[in-house]
């Protein structure tokens, strides 16, 4: 037996799977029907206990952990599981998929990640939607009395809020790494990519489009880099963007030098902070593969919502405050569900970012064209 104890004392009881260890973190939920392998290895989930709302998880197993020719994961979004725990309604003990080599149970056990199955994830998700994300702890023993609808059933030892620490520093690379695209390419644009917890499919998406990627740590001093490059990219990542002051300073340097700049997810928030905007914590965040985003375009001298709506993959707990964007900056995309900012851009067209994930994994690929547009701009920088 194992229990999930929320910070208000509410207890959800179920069966233990994965590693039989205790764990604590911020309890969040993901609404995707598939993609648990990618989600568990997404560095943006660092410090969190992830609840899957889809009832059956693990039925197609886990693929091999082998690395690709560039030395990073071939199948996952990083080389480690980053969630602190997993909560599902029903975990599948068996699995069936031609590429699977392990069960979810054994994979989590190998990485020392605990899980709970048999919990009413619908009730838990409703509670999180009402109260917002909450801190919680997975406890193996002793087993408290379950009280899914009650409060104060258990006295919980205080849990440190992971968002008060620099989670990005925990998932970023520590030294610059250069990746060259495969094949004979005459003109290769070079991109400085800030690794704030970069998903590996972002690297794959750039490399397959013929870009040389110099992956640098979150606190890399761009002003001290003396080799030629054509643009800057700011990746996704976990936690509060305001913890990444060194990244923000380098983004400001890029903007001052008029260097082409693109950001994704946390990169969207960091770009906003770098230009003097502000960010705030969402009540329960956006985590899933079905978030509609509406694009804004300049029509007849004013910004108007276009007819384009894309379905996106998302994983974030913070957002940009539209009202704080300075002159010259505008909202590029908004969320079709709650109207929050999903992208910003500068009037020059040289600095822009999105809150969603064009690289998907998991999720739809509606926004993949953004990589094509960005790479096209990088190539023009070479002329």
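Throughout, read-outs are computed from the coordinates displayed, never taken from laboratory work. Quick caveat, the model's predicted, so the values are computed rather than measured. No Cβ is skipped: glycine too gets one built from the backbone with ideal geometry, and neighbour counts run over all protein chains shown.
Filter region 72-96 for residues that are surrounded by fewer than 15 Cβ atoms within 10 Å (Cβ to Cβ) and touching a strand residue (DSSP E or B) at 6+ places or on another chain (Cβ under 8 Å) and give the result.
Scanning region 72-96 gives 74, 79.
Does residue 211 fit the bill of being touching a residue at least 60 places away in the same chain (Cβ under 8 Å), in contact with a strand residue (DSSP E or B) (Cβ under 9 Å, 6 or more places away or on another chain), farther than 16 Å from residue 78 by Cβ and surrounded by 18 or more Cβ atoms within 10 Å (Cβ to Cβ)? Even if it seems obvious, please write down each step before you answer.
Details: touching a residue at least 60 places away in the same chain (Cβ under 8 Å): yes; in contact with a strand residue (DSSP E or B) (Cβ under 9 Å, 6 or more places away or on another chain): yes; farther than 16 Å from residue 78 by Cβ: yes; surrounded by 18 or more Cβ atoms within 10 Å (Cβ to Cβ): yes.
The answer is yes for residue 211.
Evaluate the following for residue 276: is it surrounded by fewer than 16 Cβ atoms within 10 Å (Cβ to Cβ), in contact with a helix residue (DSSP H, G or I) (Cβ under 8 Å, 6 or more places away or on another chain) and in contact (Cβ under 8 Å) with a residue 40 or more places away in the chain? It would help to see each step written out before you state the result.
Working: surrounded by fewer than 16 Cβ atoms within 10 Å (Cβ to Cβ): yes; in contact with a helix residue (DSSP H, G or I) (Cβ under 8 Å, 6 or more places away or on another chain): yes; in contact (Cβ under 8 Å) with a residue 40 or more places away in the chain: yes.
Answer is yes for this residue.
In region 50-81, what count of residues is obtained for those that are closer than 30 Å to residue 6 by Cα, outside any loop (DSSP other than H, G, I, E, B) and either free of Cβ contacts under 8 Å to residues at least 60 places away in the same chain or under 14 Å from the mean Cα position of the chain (by Cα) (or both)?
Number satisfying all stated conditions: 4.
Checking residue 116 against (1) in a strand (DSSP E or B); (2) in contact with a helix residue (DSSP H, G or I) (Cβ under 6 Å, 6 or more places away or on another chain), which single condition isn't satisfied?
(2)
Just give me the residues in region 255-267 being in a loop (DSSP other than H, G, I, E, B) and more than 23 Å from the chain's Cα centre (by Cα), in sequence order. Talk me through it step by step, then tell me what you get.
Pass one, region 255-267, residues in a loop (DSSP other than H, G, I, E, B): 257-260, 265.
Passing the criteria: 257, 258, 259.
Return yes or no: is residue 248 surrounded by 18 or more Cβ atoms within 10 Å (Cβ to Cβ) and within 25 Å of residue 197 (Cα to Cα)?
Spelling it out, residue 248 is indeed surrounded by 18 or more Cβ atoms within 10 Å (Cβ to Cβ) and within 25 Å of residue 197 (Cα to Cα).
Yes or no: region 5-17 includes at least one residue that is more than 20 Å from residue 157 (Cβ to Cβ) and surrounded by fewer than 22 Cβ atoms within 10 Å (Cβ to Cβ).
The answer is yes; a qualifying residue exists.
Scanning region 18-40 for residues that are in a loop (DSSP other than H, G, I, E, B) and in contact with a helix residue (DSSP H, G or I) (Cβ under 8 Å, 6 or more places away or on another chain), which turns out surrounded by the fewest Cβ atoms within 10 Å (Cβ to Cβ)?
Once the filter is applied, the top-ranked residue is 19.
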